[in-house]
Amino acid sequence: MRRAPLLPGRAGGLMALAALQLAAGPAVSARPPADVTAVSVRSAPGRAEVVIDVRGVVEVSDFVLRDPARLVVDLVGARLVAPTIQYDGVPRGGIRNIRYAQFRPDVVRVVIELDSARDYQISQEDAAVRVAFEASESFAAWSSDGTRAATAGARAAPTAPLPAAFPAAPPAALRAAPEPQQVSQQPRISVTFDRADINEVIANFATFSGRSIIVGKDVAGEVTAEIRDQPWDVAFYAILAGQGLAASELPGGIIRVDSRAILATQDSIEPLTTRLIRINYARASSLTASVLSVVTPGRGRAVADTTTNSIIVTDLRSRMADVEAFVQSLDVRTPQVAIQAKIIFVDRTDLEDLGIRYDFGSSTQFFNRLIQRPDLAADPTGATPFDAGETIINLGGNAVAAIANASERLRNGNPALELVYSTVIGNFALSAFLDALQQVSLADVQAEPQVTVVDNRAASIFVGERTPIRQIDVAGAGAAGGGVARATTTLQPTGITLRVTPHVVMGTREVLLELHAERSAVQASALSEIGAVFTTQEGTTELLVRDGETAVIGGLTVTEVTVTKTGIPFLVNLPVVGRLFGFRSSKEQRRDLLILVTPHIVDDLSTPGPGGPERR
């Protein structure tokens, strides 16, 4: 029995030291190899035990690693006959994971990952090797033969999720690539190699990752490198690139390491296979460009079949499974989004007009504007239109007439109130005309277009009419030799328009909208050649809105106030009585525009299972 503290050592050369320890380990005696039949984790009073069942005689060598904390036990002179079963990831007495494999033809390696540095004891019996750690809680047993015998304490209570440094399952499969992945979620490694053999370096990476790695027969070289807290696959590819090597994944998850030329030659002689991949939710033509980016360059092909909505893929047999998995990851059922917009437009006009017009003249005058009097020169005989007994008196020589604003009128020419007052001053008649108008107009337009569309697809809705506009081209008519003017008619759409492209952020239940809302109408106008103008209220924006919330994408308030005062100079400006000598017009126009949008996710999906998509 021996006891060794699992204390931190030199962080740089731990794996290189492991290789040295293996090289310096005890020699294998000339006896038949022992068989490792099972690996199990069991609970005992005050401790947790890793039991390695052995049939035969082995020699045990162990060493420790850190970041993460691990205990490596090598059984020299043994071969692995136990089935390779993945650990279930349940923490047991500080043990987070166990990996075991045939490290060399005569060495079986067992790697025990721990939650922290711990003291341990190793004891060797006739039929087993036991590794014991102090543990206060009891737990359910685990074994590589699939049996799980419950102990008195039953299963331990669940703990917090495992950190990234202690994965509960073997790392995901590496994809064939000449360069390291830019983003990796694999466990991180810190190690230093000083003129280490490349085969030993690759073997250490295989042990750390739990992957099966095959090295080409001509792979040789020395590695000097220092890796600090990097994902193991990124560090692995970087070391291979430094040696002019590359890696590719074979069917079944085995990684092959060899020179780039040999791997390229293998790809060039490997036969091609063709497979029809059906697309369920997307359009096959839209996915073809993405599929072409992952097939083998120079040999792989992808063609969309619009009849069956499928993609015909031709590629290496070893790559076909990866290509099909990539296509299936793109062909996913996406949620639908209902977008409801509300356009509110209020146009209010308040008009007030008030004015007094005067007419001052005698019966001998004819040029007054308000009250037309007879023209003395109208009769060519020179006869007077007045009665013979009527007396006409003119004061001060010439008569005074039309002294007021006789030509002034209300702006719209249709007063709501008209009063006429007339009085006689000597032989003169004074007439006063009072025009008054107050007008209030209100236009309240509320439109609520709604459209439902699949995620990441564009949709539009239009409700209204198309107004024909006739245009005449007179250029041909004025040309030499004569010509005929051409008339063309175009249709101008007016009404309610909504165009939107939504994108659902599944993690936060938010909807990213690219939206255009518009309301337009035809309005008569004397300023336009066609006699009308097109009034438009619209908003175009891109915004992020939570499911069911309402956002204001546009708001505008325009107020126009116009005040006009006309009248007799000086008199119209007199206080109080100035209103008796002129016209006053006041117009106030207020326009309010408000555009609201509310998205609703109407098809919220969970992660598809083996049987297809499931609704929550």
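Laid out as a table, the results:
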| quantity | calculated |
| --- | --- |
| Gain on full stretching of the segment that runs from Ala127 to Ser285 - 0.36 nm per residue minus C-alpha separation | 50.6 nm |
| Length added when fully stretched, Arg466-Thr550, from 0.36 nm per residue minus Cα-Cα | 27.2 nm |
| Neighbour net charge for Val572 - beta-carbon separation under 10 angstrom, K R +1, D E -1 | +3 |
| Derived scalar couplings ³J(HN,Hα) [the range 62-74; Karplus, 6.51 cos²θ - 1.76 cosθ + 1.60; whole Hz; x for Gly, Pro] | 9, 7, 10, 10, 10, 6, x, 5, 9, 10, 10, 10, 9 |
| Residue-by-residue Karplus 3J(HN,Hα) for the range 91-99, coefficients 6.51, -1.76, 1.60, Hz, glycine and proline x | x, 9, x, x, 8, 9, 7, 9, 10 |
| Selection of chymotrypsin sites (Phe, Trp or Tyr not before Pro), the range 224-330, meeting DSSP coil and at most 13 other Cβ within 10 Å | Tyr281 |
| DSSP-loop GluC sites (Glu not before Pro) across the range 503-570, with at most 10 other Cβ within 10 angstrom | Glu529 |
| Rounded FRET efficiency, nearest 0.05, which uses the C-beta distance separating Glu137 from Thr559 and R0 of 60 Å | 0.20 |
| Area accessible to solvent at His600, 1.4 Å probe radius, in Å² | 80 Å² |
| Arg470, Arg256, reordered so the largest accessible area comes first (probe 1.4 Å) | Arg470, Arg256 |
| Spacing of the two label points (7 Å from each Cα toward its C-beta) at Ala321 and Ala485, in nm | 7.8 nm |
| Sparse-neighbourhood loop sites, trypsin sites (Lys or Arg not before Pro) in the range 196-243 - DSSP loop, at most 15 other Cβ within 10 angstrom | Lys217 |
| Cα→Cβ-extended label distance, 7 Å offset, between Leu330 and Glu352, nm | 6.9 nm |
| Net lengthening on full extension, Asp119/Leu442 (0.36 nm per residue, minus Cα-Cα) | 107.6 nm |
| Backbone HN-Hα couplings from phi across the range 431-447 [Karplus 6.51/-1.76/1.60, Hz, Gly and Pro as x] | 10, 10, 10, 9, 10, 9, 8, 9, 9, 10, 10, 9, 10, 10, 10, 10, 10 |
| Theoretical FRET efficiency, 1/(1+(r/R0)^6), r = Cβ-Cβ of Arg66 and Gln589, R0 51 Å, to 0.05 | 0.05 |
| Separation in nanometres of the label points that stand 7 Å from Cα toward Cβ, at His516 and Gln86 | 5.0 nm |
| Net charge of Cβ neighbours under 10 Å - reference Ala432; Lys, Arg +1; Asp, Glu -1 | 0 |
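The values are calculated or read from the model by the stated rules, or taken from the named source; none is laboratory data. From a predicted model like this one, the values you see are computed outputs, not experimental measurements. No Cβ is skipped: glycine too gets one built from the backbone with ideal geometry, and neighbour counts run over all protein chains shown. Remember, those area values only see protein heavy atoms, side chains included, never the ligands or the DNA or RNA. Shrake-Rupley method; radii C 1.70, N 1.55, O 1.52, S 1.80 Å.
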